[in-house]
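Read the figures in this text as sums done on the coordinates, not as results from a lab. What you see is a predicted model; the values in this text were computed from it and never measured. Positions of Cβ are backbone-derived with ideal geometry, glycine not excepted, and every protein chain shown enters the neighbour counts.
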Amino acid sequence: MASIIGKVALVTGASSGIGHATVLDLIREGVTVYAAARRVDKMKELEAAGAKLVAMDVSNEESMSGGVEQITAGVGRIDILVNNAGYGSYGAIEDVPMDEARRQFDVNMFGVARLTQLVLPGMRERGYGKIVNISSMGGKVYTTFGGWYHATKHALEGWSDCLRLETRPFGIDVIVIEPGGIKTPWGSISADNLRDTSSGGAYEEWARRTAEGMDRRYRSRQLSPPEVVSRAIVRSLRARRPRTRYAVGFMAKPSIFMRGMIGDRLFDRIVTAMV
């Protein structure tokens, strides 16, 4: 295992859940951490723990470039980028407005891509960099009413593979983390979006039952805490030769394994039976 003491990290989506836990774990490892989120007032605990706060909206060019400039002006470099910011907006593909579909891609995919572009030149010049992209087991599987969310995560998986090939000669590792069911606000937010989006339409009753099932699953004691993911991120950063992917958390490995082993039609029946 390699030491990451003294490295400089930027973690997006740091105000809660996986991002919040990752910032704290990296600080414990001796990393200088810049915690980024749209609202810095939600990160006072991280500031008290030693994080440096950055106001950043990953769907806004000026916000991202300004944040990167702030960090490089202060410490001169970014060694580690954890692209964690993202959200899930569920709804029938027919019902979701295209503006919301585009916003899903702006936050979950294009924000990741642009922020990565901004940090890559410095990483290449120094011959060192770690880029960690937080995908999901939803980047390998799919569920009813999750079309736009799954599309962003499937895109992130393929994009990360290409980025890994391009940056490897410059000493940069690209690592994909695929969380399963994690105890964060993600599930309840997605369920609420599903109810709202499909209310009054052809999919309303099916969407309501699906949202109720999502609520039940995200209240389950079986869900993994965010620290399961943050510890996997730290392990990947400390590995001299990190794996390309880390599937962690409740049902991540079994779901991805099952999807690879069975055909589409059988997987369709299993997913639709989970309402």
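Computed values, structure above
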{"quantity": "Calculated diffusion of segment 88-195, Stokes-Einstein form, Kirkwood radius summed over Cα pairs, 37 °C and 0.692 mPa s, µm²/s", "calculated": "220 µm²/s"}
{"quantity": "Relative pair counts by distance (%), Cα atoms of the chain, 5 Å bins", "calculated": "1, 6, 12, 17, 19, 17, 12, 8, 5, 2, 1, 0"}
{"quantity": "Kyte-Doolittle at least -0.5, axis length at least 15 Å by Cα - qualifying DSSP helices, the chain", "calculated": "17-28, 61-75, 111-126, 226-238"}
{"quantity": "Greater than 30 Å apart at Cα, pairs in Lys52/Lys140; Lys130/Lys253; Lys44/Lys183; Lys42/Lys153; Lys7/Lys44", "calculated": "Lys52/Lys140"}
{"quantity": "Residue exposure sequence - Glu45, Glu227, Glu178 - by fewest surrounding Cβ within 10 Å", "calculated": "Glu45, Glu227, Glu178"}
{"quantity": "Burial ranking of peptide ranges 16-24, 180-188 (average Cβ count within 10 Å, highest at the top)", "calculated": "16-24, 180-188"}
